[in-house]
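Colleague: Shown below is the structure under consideration.
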Amino acid sequence: MAVHGISRDLLAMLFELGREHHPNEFVAVLRERDGIIRDLDLVPGTIVREESASFRIDMLPLDIHQAGSAHSHPNGVLSPSSADLRFFPTVGRYHIIVGYPYRERDWRCYRADGSPTHLEVVE
């Protein structure tokens, strides 16, 4: 799966989820269609706290279009934590962090190994 972009609508939804859950984190699974990340799944049984959000891997839907994850950092730090780096490889190849105050530029994308990557925002 070659992902090269994220839909503007989904990115706006991620910012909204960050605002709604603040001061807690949120976490979601990202899905792609035709190389664009367009959808998300909120996993049943997700636990959210101020400094973490988690779910059981066995609760993930079976989906060949699973692209990675998205979660928030209410402290505004957009780089992955050590816990993020352990989590990323379990859920796909692309991982988005949105941070407070959840505006248009308050996000970053990382590969499963934690290296930064660019995603084009598309309509």
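Colleague: Within the range 59-87, take every residue that is among the polar types (S, T, N, Q) and within 14 Å of ALA112 (Cβ to Cβ) and give me the one that is modelled with the highest pLDDT.
Modeller: Across the range 59-87, the extreme among qualifying residues is SER69.
Colleague: Here is a follow-up. Would you check which residues across the range 22-42 are closer than 14 Å to HIS73 by Cβ and touching a Pro at 6+ places or on another chain (Cβ under 8 Å) and list them?
Modeller: Within the range 22-42, HIS22, PRO23, ASN24, GLU25 meet the criteria.
Colleague: Collect the residues in the range 69-120 that are open to solvent by 20 Å² or more (accessible area, probe 1.4 Å), of a type outside the set (Asp, Glu) and closer than 12 Å to PHE15 by Cβ, keeping them in residue-number order.
Modeller: Correct list: TYR100, PRO101, ARG103, ARG105, TRP107.
Colleague: Okay, next question. Being of a type outside the set (Gly, Ala, Ser) and at pLDDT below 95 is the requirement here; does VAL48 meet it?
Modeller: Considered against the rule, which asks whether it is of a type outside the set (Gly, Ala, Ser) and at pLDDT below 95, VAL48 comes out as yes.
Colleague: Which one is most open to solvent (accessible area, probe 1.4 Å), of the residues in the range 15-35 that are touching a residue at least 24 places away in the same chain (Cβ under 8 Å) and assigned to a helix (DSSP H, G or I)?
Modeller: Going through the qualifying residues, I end up with ARG19.
Colleague: Right, another one. Give the residue that is modelled with the highest pLDDT, with candidates limited to residues of the range 8-38 that are of a type in the set (Asp, Glu) and in contact with a His (Cβ under 8 Å, 6 or more places away or on another chain).
Modeller: Here the residue is GLU32.
Colleague: Pick from the range 88-111 the residues that are in a loop (DSSP other than H, G, I, E, B) and under 16 Å from ARG31 (Cβ atoms): which of them is modelled with the highest pLDDT?
Modeller: ARG93
Colleague: Further question: Right, VAL43: at pLDDT below 85 and surrounded by 17 or more Cβ atoms within 10 Å (Cβ to Cβ) or not?
Modeller: When the stated conditions are applied, VAL43 passes them.
The values are calculated or read from the model by the stated rules, or taken from the named source; none is laboratory data. Everything quoted here is computed from the prediction, not taken from an experiment. With ideal geometry, Cβ positions are generated from the backbone for all residues, glycine too; neighbour counts draw on all protein chains shown. Note: areas computed on protein heavy atoms with side chains; ligands, DNA, RNA excluded. Shrake-Rupley method; radii C 1.70, N 1.55, O 1.52, S 1.80 Å.
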